[in-house]
Amino acid sequence: MLSDGSISQAVYNAQTRLTAISSHLRISKPKVVVCRDLGPDVMPLLTKRDDIEVVLWTEDRVSDRQWLLENVKGAVGIVIVFSELVNAELLDAAGPNLKVVSTMSVGYEHIHVSELAKRNIRLGYTPDVLTDAVADISVMLALMAGRNANETMGIVREGLWPKFIWAPFSLCGPQLSTSGISPSRTVGFLGFGRISQATLARLIPFGVTDCIYSSNPNSSASSKKKRNEKLLEQHPQLKSVRAVDVDTLAQESDVLFVLVPGGPSTRHLINEEFLRKMKKHSVLVNAGRGTVVDSDALAKALREKWIWGAGIDVVEGEPDVGKDHPLVKEPRCNILPHIGSASFETRLAMATLAVDNCLAGIVGQDMPAELDVKAL
């Protein structure tokens, strides 16, 4: 028969074992590492589940690399944003349990896709949900560039307005909308996917008359013809919609929207040769990827007035864009810090999609938006 002291010790030992077992069970749950707090509307999709362990980087800054390498060990899923580099180092640290990487972004330049393919790790991303937000910002940039927003707001910021002498044509710029003096407007698109077509739809009320574009060279002539006919049917105000070569795109566009993916195949498509072919009153808008436009060439084009102005939401090498950057020095270059998707509605949709992709990937289900890593 056990004494009271022995009973107490036995109970203590049992409780200790249960605590250890409970702790082990918690650790053995599938682990998901989340590299940024996705907010009160989205985080509960993960944290309120009792079948996964969520490890969250709680600070509102880029996750510490050492923290990530340590905590990713044994994880089955990772939810990241574009500031986290997913390479062999990270994947090796995660180990063989990792099933899915889900990024809250459309671009995936920060992910070594070939490394995922080698390890049979799935990749989720967030396309389509930011179409409207980026189309909105594209039109805004076109207006800012044409009407000298950066240059003229500088007059106010620097306290120069009281000293400014008005003149009949001072601070003027090319109008986006058509008028009696300029009854036609041609908008061009480098890349003609969903965002470009959504941007075109927003431009119709401005009186845009013609649309030209250069898109995926693998698209067949018949598919382009069908798309052109559909757009003319949707927008009867348009006189023409044409697929053209890049030289024609440069020469005929009053406003050119750059909305193509990044990568080696599109790097510096907009270069000095291209810019020299554009109209002197034309406007360049880049809301796609910074690498598509040669920054030095664009700065030179603005400085020497080959084109009128530029509106850009993306810059090659961002966010390392300081006050001495050649484009920052150009008054007619209107630069935003990559805020194309920065609407509450869009970011909420992106965060939700990133979580949904991760959860589906963990259990082997179809992901709402999966990039085929083996096809790239």
Fill in: Options Gly207, Gly262, Gly288; residue that is in contact with a strand residue (DSSP E or B) (Cβ under 6 Å, 6 or more places away or on another chain), among the small types (Gly, Ala, Ser) and under 30 Å from Pro331 (Cβ atoms)
Gly288
Worksheet item: Does at least one position in the stretch 3-10 carry a residue that is modelled with pLDDT under 95, assigned to a loop (DSSP other than H, G, I, E, B) and out of contact with any Asp or Glu (no Cβ under 6 Å at 6 or more places or on another chain)?
Response: yes
Item to complete: Give me the pairs, please: first residue somewhere in the stretch 161-182 and assigned by TED's automatic domain parsing to the domain that holds Met140, second residue anywhere and of a type in the set (Ser, Thr, Tyr) and not in a helix (DSSP H, G or I), beta-carbon distance under 9 Å, and either six or more positions apart or on two chains.
Response: Phe164/Ser170; Pro174/Ser182; Pro174/Ser282; Gln175/Ser182; Thr178/Ser184; Thr178/Thr209
Discussion item. Filter the stretch 353-376 down to the residues that are in contact with a Leu (Cβ under 9 Å, 6 or more places away or on another chain) and either part of a helix (DSSP H, G or I) or among the acidic types (Asp, Glu) (or both) and list them by number.
Written reply: Ala354, Val355, Asp356, Asn357, Cys358, Leu359, Gly361, Glu370, Asp372
Practice prompt. Only residues that are of a type outside the set (Lys, Arg), surrounded by fewer than 18 Cβ atoms within 10 Å (Cβ to Cβ) and under 25 Å from Gly107 (Cα atoms): list them for the stretch 59-80, please.
Written response: Glu59, Asp60, Val62, Asp64, Gln66, Trp67, Leu69
Worksheet item: Is it true that some residue in the stretch 250-261 is farther than 18 Å from Val314 by Cα, part of a loop (DSSP other than H, G, I, E, B) and assigned by TED's automatic domain parsing to the domain that holds Val292?
Response: yes
Fill in: Residue among Leu269, Leu359 that alone is in the same structural domain as Ala75 (by TED's automatic domain parsing), in contact (Cβ under 8 Å) with a residue 12 or more places away in the chain, among the aliphatic types (A, V, I, L, M) and crowded, with 16+ Cβ neighbours inside 10 Å
Leu359
Worksheet, complete the sentence: Only unsatisfied item for Glu252, checking (1) among the acidic types (Asp, Glu); (2) surrounded by fewer than 16 Cβ atoms within 10 Å (Cβ to Cβ); (3) within 17 Å of Leu176 (Cα to Cα), is (2)
Worksheet item: Somewhere in the stretch 221-238, is a residue within 24 Å of the chain's Cα centre (by Cα), crowded, with 16+ Cβ neighbours inside 10 Å and not aromatic (Phe, Trp, Tyr)?
Response: no
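Residues are listed down the side, and each one gets a yes or a no for (1) assigned by TED's automatic domain parsing to the domain that holds Glu252; (2) buried (at least 20 other Cβ atoms within 10 Å of the Cβ); (3) of a type in the set (A, V, I, L, M); (4) within 22 Å of the chain's Cα centre (by Cα):
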{"site": "Thr291", "(1), (2), (3), (4)": "yes, yes, no, yes"}
{"site": "Arg303", "(1), (2), (3), (4)": "yes, no, no, no"}
{"site": "Glu318", "(1), (2), (3), (4)": "yes, no, no, yes"}
{"site": "Lys329", "(1), (2), (3), (4)": "yes, no, no, no"}
Discussion item. Give me the residue from the stretch 129-180 that is assigned to a loop (DSSP other than H, G, I, E, B) and of a type in the set (D, E, K, R) and, out of that set, surrounded by the most Cβ atoms within 10 Å (Cβ to Cβ).
Written reply: Arg147
Item to complete: Would you confirm whether any residue within the stretch 38-51 is at pLDDT 95 or above, touching a strand residue (DSSP E or B) at 6+ places or on another chain (Cβ under 7 Å) and on the phi < 0 side of the Ramachandran plot?
Response: yes
Worksheet entry | Per-region count, the stretch 315-337, residues in contact with an Asp or Glu (Cβ under 6 Å, 6 or more places away or on another chain) and at positive phi | 0
Worksheet item: Does at least one position in the stretch 88-105 carry a residue that is touching a Phe, Trp or Tyr at 6+ places or on another chain (Cβ under 6 Å) and closer than 30 Å to Arg194 by Cβ?
Response: yes
Worksheet item: Of the residues that make up the stretch 336-345, is at least one of a type in the set (D, E, K, R), in a helix (DSSP H, G or I), more than 30 Å from Leu298 (Cβ to Cβ) and touching a residue at least 24 places away in the same chain (Cβ under 8 Å)?
Response: yes
Discussion item. Can you tell me which residue is farthest from Ala354 (Cα to Cα) among those in the stretch 48-58 that are out of contact with any Lys or Arg (no Cβ under 7 Å at 6 or more places or on another chain) and surrounded by 12 or more Cβ atoms within 10 Å (Cβ to Cβ)?
Written reply: Arg49
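The values are calculated or read from the model by the stated rules, or taken from the named source; none is laboratory data. Quantities reported herein were computed from a predicted structural model and do not represent experimental measurements. For neighbour counting, all protein chains shown are included, and Cβ atoms are generated from backbone atoms with ideal geometry for every residue, glycine included.
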